[in-house]
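Here's the structure, in C-alpha cells; my notes come after.
The values are calculated or read from the model by the stated rules, or taken from the named source; none is laboratory data. Everything quoted here is computed from the prediction, not taken from an experiment. FYI the Cβ positions are ideal-geometry reconstructions off the backbone, even for glycines, and counts take in every protein chain you see. Note: areas computed on protein heavy atoms with side chains; ligands, DNA, RNA excluded. Shrake-Rupley method; radii C 1.70, N 1.55, O 1.52, S 1.80 Å.
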Amino acid sequence: MIHAPPLPPADELARGVRSGHRATLARAITLIESRKPAHRAIAEQLLQEILPDTGKGARVGITGVPGVGKSTTIDALGTYLLEQGHRVAVLAVDPSSSRTGGSILGDKTRMARLSMDRRAFVRPSPAAGTLGGVAARTRETLLLCEAAGYDVVLVETVGVGQSETAVADMTDTFLVLMLPGAGDELQGIKKGIIEIADIVAINKADGANLPRAKAAAAEYRAALHVLGAREPHWSTPVLTYSGLTGAGIGELWAQVLLHGERGRAAGAFAAKRSAQQVKWMWTLFDDRLRDRIRGDASLRADVPAIERAVAEGTLAPTLGASKIAVRLGL
C-alpha cells in the first residue's frame, strides 16, 4: 500500500506559500479543502500564520447565467491584468453533482491564455452542492492566494440561481454578467442579484450583437435607476464589452478600480471586509455544528428517526430541530 507523505507543519507550509511556490500553494489549498480532523487542525494554524499577509489584493466576484461567457471574460480580463503588471489568481467553481460530488472541471480548458501563463494561478474546484455557487473553502483559498502574492483574485461562480449572492460576502466588487437579446431583458433583473451588483456588464457586444447589447444596457440602466442606488457613494454602472475580442475590458477594470477607490474614500471598504469576516466566522460555526452531528455516533443513530418523523408529518420540523439541539446540549 502506498501511503501519502506526512504533511509538513503549518509554519513550513506558510513559508512556501509566501514565497509564491505554486506546488506548495496547491497543496495548501488541498489541505484546507480536506474534511479530515487532523488536516483541519493544520489548516487552521496555516490560515492564522498567513493572515498578516492577506487583505492587500483586489477581490472580484463574477457571476452570470450559464452561457454568458464567464470563463471567456475571465480569460480576457486576466490576460489584460497580466499585461498591466498584476499577478492574477482565478478560483473557478465548477458545477458538480450533488449526488456524487463529481465535476467536469472544464473551466481551466476555457481559460487557455491564463492557464498557460506562469504569472496566473487557476484553481478549479467542485461546488458539490454548496449554497451560493462557491466551493466550501473558497474564502480560505482566496486568503492563501493573497498570501502567495496574487494581487487580484477573481472568483467565478456556477451561475445557477439567486443563491449566487453568497459570492458578494467574500469579494470587494460583485460583477454580474448579462447577455444581449435574450428575450425580455428586464426578466433578468432579479432583486437577489441585481440589487447587490456593483457592476453590470453586457457581454458579446460585438458584430451583429452590438446594437442589441447597447439596447439591453439602456434597459438595465433604466431599471437600476428605478431601483435606486444601494450605496450613497456608488451607483451601479452598466457597461458593454466583448470577452471574445477584448473590446471594453479596460473600461470594465477601470470601473472595478473606481468602485474600490470610492469605497475606501467613504469608509465603506474596510467596514465591508470586517462584516464579511464576522459573517464567515458564523458560517464556519454552522459547519462545525453539522460536523458534530455527523461525527457523533448517538446523534447519527437518532437523527434518521427524527427526519423520518418530520417527513411523515408526525413531528413538527420546529420540534425536530429542538430535539437535535437538546442532544447537542444547546
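The figures follow:
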{"read-out": "Some residue of region 226-235 being assigned to a helix (DSSP H, G or I) and surrounded by fewer than 12 Cβ atoms within 10 Å (Cβ to Cβ)", "value": "yes"}
{"read-out": "Among the residues listed as Thr54, Thr24, Thr30, the single one being open to solvent by 40 Å² or more (accessible area, probe 1.4 Å) and β-branched (Val, Ile, Thr)", "value": "Thr30"}
{"read-out": "Region 55-76 residues that are farther than 11 Å from Leu154 by Cβ, paired with ones that are assigned to a strand (DSSP E or B) and open to solvent by less than 20 Å² (accessible area, probe 1.4 Å) (beta carbon under 6 Å, 6 or more apart)", "value": "Thr63/Val176; Gly64/Leu177; Val68/Leu177"}
{"read-out": "Exclusive hit being more than 29 Å from Arg139 (Cβ to Cβ) and either at pLDDT below 95 or in contact with an Asp or Glu (Cβ under 6 Å, 6 or more places away or on another chain) (or both), set Gly248, Gly295, Gly207", "value": "Gly207"}
{"read-out": "Top-ranked residue of region 60-82 - restricted to ones that are buried (at least 19 other Cβ atoms within 10 Å of the Cβ) and among the hydrophobic types (A, V, I, L, M, F, W, C), ranked as nearest to Arg273 (Cα to Cα)", "value": "Val60"}
{"read-out": "Region 243-273 - residue that is of a type in the set (Lys, Arg) and either within 11 Å of Tyr80 (Cβ to Cβ) or under 19 Å from the mean Cα position of the chain (by Cα) (or both) and, of those, most open to solvent (accessible area, probe 1.4 Å)", "value": "Lys272"}
{"read-out": "Selection from region 228-251 of residues that are small (Gly, Ala, Ser), out of contact with any strand residue (DSSP E or B) (no Cβ under 7 Å at 6 or more places or on another chain) and more than 22 Å from Phe269 (Cβ to Cβ)", "value": "Ser242, Gly243, Gly246, Ala247, Gly250"}
{"read-out": "Residue pairs meeting the criteria (Cβ under 8 Å; at least 6 apart or on separate chains; first at positive phi and modelled with pLDDT of 50 or more, in region 130-143; second surrounded by fewer than 23 Cβ atoms within 10 Å (Cβ to Cβ) and part of a loop (DSSP other than H, G, I, E, B))", "value": "none"}
{"read-out": "Residue in region 28-42 that is in contact (Cβ under 8 Å) with a residue 12 or more places away in the chain, in a helix (DSSP H, G or I) and within 22 Å of Arg119 (Cβ to Cβ) present", "value": "yes"}
{"read-out": "Residue match in region 256-266 (condition: over 30 Å from Gly69 (Cβ atoms) and outside any helix (DSSP H, G or I))", "value": "no"}
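One line per residue, one yes/no per condition, for (1) open to solvent by less than 50 Å² (accessible area, probe 1.4 Å); (2) without any contact (Cβ under 8 Å) to a residue 12 or more places away in the chain; (3) in a helix (DSSP H, G or I); (4) among the small types (Gly, Ala, Ser):
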residue	(1), (2), (3), (4)
Val278	no, yes, yes, no
Phe285	no, yes, yes, no
Ile293	yes, no, yes, no
Arg308	no, yes, yes, no
Ser322	no, yes, yes, yes
